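The values are calculated or read from the model by the stated rules, or taken from the named source; none is laboratory data. Everything numeric in this text was worked out from a predicted model, so none of it was measured. Because the Cβ atoms are built from the backbone with ideal geometry, glycine has one as well, and the counts that use them run over all protein chains shown. Heads up: the accessible areas ignore ligands, DNA and RNA and are worked out on the full protein's heavy atoms, side chains in. Shrake-Rupley method; radii C 1.70, N 1.55, O 1.52, S 1.80 Å.
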Amino acid sequence: MVIAKAWALKKHFDGFPKTSDFDLKKIELPCLKDGGEQKLLLESVFLSVDPYMRPYSRRVMKEGDIMIGTQVARIVESKNPAFAVGAFVVGDRGWRTHFISDGKNLQLLPSNWPESLPKSLALGTVGMPGLTAYFGLLEVCKMKPGETVLVNAAAGAVGSVVGQLAKIGGCKVVGCAGSDDKVAYLKKIGFDEAFNYKTVKSLDEALHKASPDGYDCFFDNVGGEFASVAINQMKKYGRVAVCGAISQYNDSVPQKGSYVQIPMIFKELRMEGFLVTRWNNRREEGLQALLKWVVEGKVKYHEHVTEGFENMPMAFIGMLKGENLGKAIVKV
Ligand code: NDP
């Protein structure tokens, strides 16, 4: 008999999440059966902490539920011939060390995954965040060679891939992030211009200096004040991909901002929100493209790994505070 550990949402977050909002539970798992749904026993090896968990906890969870989230898990026991013992899958079973499954909604890692590549990348650069960058740039921004792309939260899981894919696509890339170390990293991985949005005197001036002619594409991970300022620096017919609004997720009282209509009208901008799940039917295409670029060394990755399942709440809170360079991962 296996006892799984799992983190539950004890209390809905009010403002910035706190460790006391979480509860560590023990769950006794049933034994596997030949028929029915209890065909696989899995153990989580890497778990993902992502910004979406903050707004989605309100939308889809009630207090006491196990925290939502994805993991790379190893098959420990199997009564389903499609999943061999020892194989690795991406699952969406939340913050749990072990779980039982019938195999539905489990994605085997691509069969051409190189042995030398960390499997945790299936939660980052070669996973959902990488796909977000890929489809957001290609399908929402519709970037073209020679254009200038702006991305914020640029040293994070999505942003760091956005910048590198835009370079592969022949664009000039400007990124901003919240520390000097992150800015140095952006320059190292090929961003043309990068700055620390927390220390510049004026965001408006920094954006102008980085690209005096303005921006064709703006991949917005942050929203709020940053987006209000940046939209004024778009070029005529520019495209804004509204991917995330992390600067607003912890607000108890909605922010009042400046409004976007005037620049939208006079620059004839297109602004589109999106969820990466829109392209679930093209997941394989995106993953294979990302995997190829990573293997060729054209897309670099960095992971911020927190050791220990017990530290999941801390890892989540740390990511929301900006402690991560690259993808925030928890290693069980
Ligand atoms: P990151 O790895 O980028 O981690 C979050 C980062 O956000 C932090 O490291 C921090 O970096 C930055 N940040 C936190 N608070 C603020 C703030 N108040 N203002 C500005 N920046 C802040 O996370 P992801 O790459 O996983 O996600 C990035 C964005 O993309 C999020 O908004 C997320 O919700 C969104 N997303 C949307 C998807 C979709 O389908 N639409 C799918 C996946 C992600 P820094 O130090 O630079 O401030």
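Within the range 48-104, how many residues are open to solvent by 70 Å² or more (accessible area, probe 1.4 Å) and over 25 Å from K11 (Cα atoms)?
The qualifying residues number 6.
Of the residues that make up the range 294-312, is at least one outside the structural domain of T97 (by the TED database), open to solvent by 20 Å² or more (accessible area, probe 1.4 Å) and small (G, A, S)?
Taking every residue of the range 294-312 in turn, at least one turns out to be outside the structural domain of T97 (by the TED database), open to solvent by 20 Å² or more (accessible area, probe 1.4 Å) and small (G, A, S).
Quick one: count up the residues across the range 174-190 that are near the ligand (Cβ under 10 Å from one of its atoms) and touching an Asp or Glu at 6+ places or on another chain (Cβ under 8 Å).
Qualifying residue count, the range 174-190: 1.
Kindly provide the set of residues from the range 130-170 that are among the acidic types (D, E) and within 19 Å of L287 (Cβ to Cβ), ordered by number.
Residue satisfying the conditions is E139 alone.
I'd like to check which strands (runs of 3 or more DSSP E) are fully inside the range 122-237 and have at least 2 residues that are surrounded by 24 or more Cβ atoms within 10 Å (Cβ to Cβ).
Because the criterion is at least 2 residues that are surrounded by 24 or more Cβ atoms within 10 Å (Cβ to Cβ), the strands (runs of 3 or more DSSP E) in the range 122-237 that meet it are 148-151, 172-177, 215-220.
Between a first residue in the range 318-332 that is part of a loop (DSSP other than H, G, I, E, B) and a second residue that is of a type in the set (A, V, I, L, M, F, W, C) and near the ligand (Cβ under 7 Å from one of its atoms), which pairs have beta carbons less than 6 Å apart while being 6 or more apart in sequence or on different chains?
Cβ pairs passing all conditions: L325/A155.
Cβ-Cβ distance below 7 Å, separation of 6 or more or different chains: which pairs start in the range 191-216 with a residue that is within 16 Å of the ligand (Cβ to nearest atom) and end on one that is of a type in the set (K, R)?
If the second residue must be of a type in the set (K, R), the pairs left are A194/K187.
Mind checking which residues of the range 57-116 are touching a residue at least 60 places away in the same chain (Cβ under 8 Å) and part of a loop (DSSP other than H, G, I, E, B)?
M67, G94, W95, T97, D102, G103, L106, P110, N112, W113, P114 - these are the residues of the range 57-116 that are touching a residue at least 60 places away in the same chain (Cβ under 8 Å) and part of a loop (DSSP other than H, G, I, E, B).
Scanning for something within 16 Å of the ligand (Cβ to nearest atom) and closer than 25 Å to K5 by Cβ, does the range 98-117 turn up at least one residue?
Looking through the range 98-117, none of the residues is within 16 Å of the ligand (Cβ to nearest atom) and closer than 25 Å to K5 by Cβ.
Looking at the range 238-266 only, could you name the residues that are among the hydroxyl-bearing types (S, T, Y) and surrounded by fewer than 17 Cβ atoms within 10 Å (Cβ to Cβ)?
S252, S258, Y259
Can you work out which of the residues in the range 20-43 that are at pLDDT 95 or above and either over 22 Å from E63 (Cβ atoms) or acidic (D, E) (or both) is surrounded by the most Cβ atoms within 10 Å (Cβ to Cβ)?
Per the stated criteria, the residue is L42.
Within the range 267-289, track down each residue that is away from the ligand (no atom under 14 Å from the Cβ) and either open to solvent by less than 50 Å² (accessible area, probe 1.4 Å) or in a loop (DSSP other than H, G, I, E, B) (or both).
Passing the criteria: K267, E268, L269, L287, A289.
Pick from F13, F46: which is under 24 Å from I246 (Cβ atoms), part of a strand (DSSP E or B) and either at pLDDT 95 or above or in contact with a Gly (Cβ under 7 Å, 6 or more places away or on another chain) (or both)?
Within the list F13, F46, the selection yields F46.
Does any residue of the range 205-223 turn out to be out of contact with any strand residue (DSSP E or B) (no Cβ under 6 Å at 6 or more places or on another chain) and basic (K, R)?
Yes - at least one qualifying residue is present in the range 205-223.
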